[in-house]
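This report concerns only the one structure given below.
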Amino acid sequence: MTPRKQSIVVLGAGLAGLRAAYELAQRGHAVELLEQHDEAGGMARSHEHMGYVFDHGPHGFWSRDEWINDEFKGLVDGGGGYNWLTKWSQIHYREEYFNFPLRISDIISKMPPWTVLLAFFSFLWSRLRLKLFRREPATTEDYLIDQFGEVLYRAFFGPYTRRVWDVDPKKLDVDFARDRVPSLHLWDTLRKLFTDPVKEQMLITPSGRVITHDLHTFYYPKRGAGALPRGYVRRIEELGGRFRYGVTLHGVDLATKTVTGTSDGAAFALAYDGLLSTIPIDALVPLVTPAPPPEIRDLARGIRYRAILLVNLCVAKPQVIGPFWIYYTSRVFTRISEYRHFSADLAPPGKTGICLEVTCDVGDEMWNFDDAEVVRRCVPDLEALGLARGDEIEGYEVIREANAYPLYDVGYKPRINRLVTWLESDARIITAGRQGRFLYCNQDAAIKSGREAGEAMATLLETDIPTRSTARWGGPVSM
């Protein structure tokens, strides 16, 4: 038990912020969460539109930590329960659909024989070279060529990476590919000629990390991904935690330990004993007074994100695609997801909801188009692919996510570590989560980051540690 009830302000009510608040509320602290949107959940939100339920991008849930899986089940069970699903995804290349992760049987049957031969020897050479020279890749391009060979890199992975990120893979840090792209091993490749990868066991690295992008089963709440954050909100409020929505932050005064801002237009000033931030780290730095040194302000301004438009379409037909989602390298959108495949409860009978993901940058032409124009740009590709006609779309909405993807350019890690170290040099501030730590991580990693940050904050408050160095909580989690 804590010696006294202390006040913690949590900036951001995404999954990391919610789990941190839940941890602290369970320990008896007074917790208040400040959220810019009108509901909690961050990018794990879902909502209803014209009788359809849409997530903020497709979500599947699985964790290597059983306590996270158990907590997920308990939280969403009261919100309609969950499905246990077998993943199926594809990538579209030269008018053919390839299963993803890539299967050698697809490559052999759907690519020209000469290209298949070149791809095979290119793959063998890349793996042999890796064994002989044991070089450590520095960039995404290095890693992808090492794992797949030059031919498959040029065919699939290079074009898709450039399309999504609008950055040459030579300029992306190796962390991006290492933690997000399934790798191939020679024995696995040969074995997949004769087996269905859906039935394979989960892959584990020598360090014990489960490679989640190679897993083929996952949980999904029957009523949409938003059931999970809504479950956390219920638990936190039962423990006395409070929420403020529609928040615009004005400042964080380190000297007086006060957060100021407005909530739905009403001004507030909250004193805190501890501040736990899960908002974008580059948004937090300018709020701090006394003003950070120029080096810190420059580092914060140098952080880059890739934005995304989530084009949600209500389609008056029972099905648009077969898999859960399909990646595209040469269309306006980079991925299509169909929510009915996740749960039949997400669309009216005989109809389906799809999400087209359009990557862009804040302020560019696509970002600035109105919703109708964005949809108009997407429809011709849907029709050309034979997926849906314009007259089958009975409704739409476009959701803009400015900080959707942290952009891991080469050398990003020491810059982020410097920012975190400076912010956390104040003994009562902790950063956590996807935005707070600039992590391209999954839901379960955000939850774990939040719990560890909550535990760390509780330790600081309960022992009154005057100073500290950055520890593991909320740190980089490879998924």
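For segment 334-352, name all the residues that are out of contact with any Asp or Glu (no Cβ under 7 Å at 6 or more places or on another chain) and either assigned to a strand (DSSP E or B) or polar (S, T, N, Q) (or both).
336, 337, 338, 343
Does residue 18 fit the bill of being assigned by TED's automatic domain parsing to the domain that holds residue 252, in a strand (DSSP E or B) and buried (at least 22 other Cβ atoms within 10 Å of the Cβ)?
In short, no.
Scan segment 21-50 residue by residue and report those that are part of a strand (DSSP E or B) and either among the hydrophobic types (A, V, I, L, M, F, W, C) or within 24 Å of residue 266 (Cβ to Cβ) (or both).
Passing the criteria: 30, 31, 32, 33, 34.
How about segment 299-333: which of its residues are more than 28 Å from residue 407 (Cα to Cα), among the hydrophobic types (A, V, I, L, M, F, W, C) and assigned to a loop (DSSP other than H, G, I, E, B)? Please lay out each step first, then the result.
Let us first name the residues in segment 299-333 that are more than 28 Å from residue 407 (Cα to Cα), namely 314-322.
Filter once more, keeping what is among the hydrophobic types (A, V, I, L, M, F, W, C): 314-316, 320-321.
Result: 316, 320, 321.
Identify the residue in segment 51-103 that is aliphatic (A, V, I, L, M) and assigned to a helix (DSSP H, G or I) and, among all such residues, is farthest from residue 229 (Cα to Cα). Full working, then the answer.
Taking segment 51-103 first, the residues aliphatic (A, V, I, L, M) are 53, 68, 75-76, 85, 91, 102.
Those left that are additionally assigned to a helix (DSSP H, G or I): 68, 75-76.
On the way: 68: 13, 75: 8, 76: 9 Å.
Selected residue: 68.
Given the residues 388, 344, which is the only one that is aliphatic (A, V, I, L, M) and surrounded by 14 or more Cβ atoms within 10 Å (Cβ to Cβ)?
On the way: 344 fails: surrounded by 14 or more Cβ atoms within 10 Å (Cβ to Cβ).
Residue meeting the stated conditions: 388.
Please verify whether segment 347-369 includes one or more residues that are surrounded by 17 or more Cβ atoms within 10 Å (Cβ to Cβ), within 24 Å of the chain's Cα centre (by Cα) and among the aromatic types (Phe, Trp, Tyr).
No; the residues of segment 347-369 include none that is surrounded by 17 or more Cβ atoms within 10 Å (Cβ to Cβ), within 24 Å of the chain's Cα centre (by Cα) and among the aromatic types (Phe, Trp, Tyr).
Examine segment 22-41 for a residue that is within 24 Å of the chain's Cα centre (by Cα) and more than 22 Å from residue 284 (Cβ to Cβ), and state whether such a residue exists.
Checking segment 22-41: not a single residue is within 24 Å of the chain's Cα centre (by Cα) and more than 22 Å from residue 284 (Cβ to Cβ).
Please state which one of 87, 131, 73, 110 is among the basic types (Lys, Arg), more than 19 Å from residue 334 (Cα to Cα) and under 22 Å from the mean Cα position of the chain (by Cα). Break it down into steps so the answer makes sense when it comes.
Values: 87 fails: more than 19 Å from residue 334 (Cα to Cα); 131 fails: under 22 Å from the mean Cα position of the chain (by Cα); 110 fails: under 22 Å from the mean Cα position of the chain (by Cα).
Step by step, each of 87, 131, 73, 110 is checked, and only 73 is among the basic types (Lys, Arg), more than 19 Å from residue 334 (Cα to Cα) and under 22 Å from the mean Cα position of the chain (by Cα).
Looking at segment 390-408 only, could you name the residues that are over 11 Å from residue 308 (Cβ atoms), among the aromatic types (Phe, Trp, Tyr) and in a strand (DSSP E or B)?
Looking only at segment 390-408, we keep the residues that are over 11 Å from residue 308 (Cβ atoms), and these are 390-397, 406-408.
Add one more test, that the residue is among the aromatic types (Phe, Trp, Tyr), and what stays is 396, 408.
Within segment 390-408, just 396 meets the criteria.
Since residue 5 meets every condition but one in (1) touching a Cys at 6+ places or on another chain (Cβ under 7 Å); (2) in a loop (DSSP other than H, G, I, E, B), which condition does it not meet?
Among (1) touching a Cys at 6+ places or on another chain (Cβ under 7 Å); (2) in a loop (DSSP other than H, G, I, E, B), residue 5 violates only (1).
The values are calculated or read from the model by the stated rules, or taken from the named source; none is laboratory data. Values in this document were obtained by computation on a predicted structure and should not be read as measured data. Here the Cβ is made from the backbone with ideal geometry for all residues, glycine too, and neighbour counts use every protein chain on show.
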